[in-house]
Amino acid sequence: MRKTLIILTLLFVNITSKSVFSQCAPPSAFSELDINNVSAGLMNGGDLWWDGIGLPKYEYPKYSGRLALFAGAIWLSALDDNGKLLTSAMKYRNTGYEFYPGPINSTTGTVSSNSCIVFDRFWEIHRIEIQNHLNNVTLGMPVPLSQIDDAILQWPAKGNTHFNNYVIQDDLAPFKDFNNNGIYDPENGDYPDIKGDQAIFWVINDIGGVHGITNGDPIGVEVHFLAYAYYNPSSALNDATFYDIKVIKKTTGNASDFYMGLFVDPDLGNPADDFIGCDTLTNSGFAYNGDAFDDDQSGRPGYGQNTPIISTTFLNKTMNSFSSPTYAPNATGDAVSPVHYRNYLKGFWRDGTAKTIGGTGFGGTIPTSFMYFSNPASPSPAWSEVSVGNAPGDRRYIQSTGPYSLNWMEPFDISFVTIAHNVMGSNDVSVSVIPTISQIAQLYTDTLASGNKYDFALGINPIDESSIAIYPNPVTHILTIDLKNLNGGNIRIVDVNGREVYQGNANPNSQVLNIDMSIYENGFYVLSVEVNDEKRFYKILNSHK
Ligand SMILES: [Ca+2]
Ligand SMILES: [Ca+2]
Ligand SMILES: [Ca+2]
Ligand SMILES: [Ca+2]
């Protein structure tokens, strides 16, 4: 991305967008996901990985001063009940905004200027803070507020009475409703339901002001983001950042033919010598250096001979198209109208003509939705930027998924992962990139499939739910606790009044505990299993006679 234009037009933009009816001030928050080998800047305007003005903020490796991505953004396009085109697609901020801070009130279908202000921020939380909180939780007794970390107390979850000056009436930031009362009350054991060792939540909407990028009509959606990362130096997770995005139509009426895209502007060190491509099997787009040496450029350090490959992978949705617009003001160029945005999201060029296999993807005979879908290390007739002999340059790409129905109050969920692959100058993605993507995508799938409610860490979870069996529940006489593969653990059972009625240890030689529950009164009990400072809770119904 050429950055000078953005700065020149920024002042003009702010004036024009404020002169219209906008209820919300533009988004102004910035945060960083930085627990592992990546430092990823986050913005709250539907854009990612930059500072909102002109500097890239996706540093890899962290502290190296080298940047792998210039920016990214979400693109949404749908039709309303009458077939009218609706568009909310962010790019850069040079002509305004598409998304504004805060949720939409589902009763009124509107945003309030107060919510725009209260939500113009990020909520950051670490796994360790949640563990500390759980260690303070004594069942049946509220945790004193003074003992609860602000990050947990202020978590923007439904019904949180400790949240400042705003009543959160709908589902918002994910949480574990430990006491099952439908609202977030951390003093009674609730806690943020994050993934990763560090997670950052924010919420935006597309109706808080004019759409200064696409000039399109809003879809009427609230969008939740949870960005998260794992500290795991022994695996590729350490080079990855994850994003769970939830899109909820909250204004009246349903939308159809909904497409969602991820716009990515990779700038691998020197932005002027890059190539891009995609892998349809792993639902991934990627960027690699277009020549053998990534030079310094305008004070931005290049990667030299060891440029990483950077990939973006849809984890729970199929990638239905991959496009790379040129800078030409013609059919292959940037989207400048809502119809253009939609055409790219559907896999066409901006004017609606099909992309075609071979060459630059334009004007051929065999239509395709995916540009440069081959391994760059494979010779022609494989189709990559290398095989067709392109000149390296500044690239952007759009990967999309769709179409879907987007019905009122039915969330659309998409997760993606961005991975930097330290490949030591190779562009053979089949060897050095795709296996890593597959491995991480599999970890993601396994974690979902396990139903593990304590899924703080992929692959390194200290208490795996499948390693504990507790039965029967309800219990009429003997409650069996089988710790299977775990190396022992501490078991406590507490009644509804917070009184401990049982405490015992399982050890590696006797992993099965049989507890006679018939000696206790009927009713609910909470059983905790503690292994290596990790606790897991179970609600048990005692029901003898
Ligand atoms: Ca609760
Ligand atoms: Ca480069
Ligand atoms: Ca170069
Ligand atoms: Ca670029």
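Values in this text are rule-based calculations from the coordinates and carry no lab data. Note that the structure is predicted; figures quoted are calculated from it, not measured. Neighbour counts run over all protein chains shown; Cβ positions are idealised from the backbone, glycine included.
Given R0 = 25 Å, the distance between the Cβ atoms of Asp81 and Asn215 translates into a calculated FRET efficiency of 0.70. In the distance distribution for the stretch 467-542, Cα-Cα pairs more than 21 Å apart total 19 percent.
Between Asn306 and Phe293, the simple spin-label model (points 7 angstrom out along Cα→Cβ) gives 1.7 nm. For the stretch 57-144, applying the loop criterion from DSSP together with a ceiling of 12 other beta carbons within 10 Å to the trypsin sites (Lys or Arg not before Pro) yields Lys84.
Relative to the current alpha-carbon distance between Ser438 and Thr110, full extension at 0.36 nm per residue lengthens the span by 114.0 nm. Among the cysteines of the chain, Cys278 have no other cysteine beta carbon within less than 4.7 Å of their own. Fewest-first ordering of Phe286, Phe201, Phe225 by other beta carbons within 10 Å of each residue's beta carbon gives Phe225, Phe201, Phe286. Across the stretch 234-370, the volume of the C-alpha convex hull divided among the residues equals 169 Å³ per residue. Figure legend: label point modelled 7 angstrom from the Cα of Ala29 along Cα→Cβ; residues of the stretch 152-167 with amide N under 15 Å from it are 152-158, 163-167. Label reach from Phe524 (point 7 Å along Cα→C-beta): in the stretch 129-150, amide nitrogens under 12 Å belong to 140.
Between the beta carbons of Val167 and Tyr538, assuming R0 = 30 Å, the FRET efficiency works out to 0.40 to the nearest 0.05. Note on the stretch 54-133 and the stretch 278-309: Cα centroid distance 26 Å, given to the nearest whole angstrom. What FRET efficiency, computed as 1/(1 + (r/R0)^6) with R0 = 35 Å and r the Cβ-Cβ distance, is obtained for Lys484 and Gln147, rounded to the nearest 0.05? So, using R0 = 35 Å, E works out to roughly 0.55.
In this simple spin-label model, placing a label point 7 Å from the Cα along the Cα-to-Cβ direction at both Ala391 and Lys545 gives a separation of 9.1 nm.
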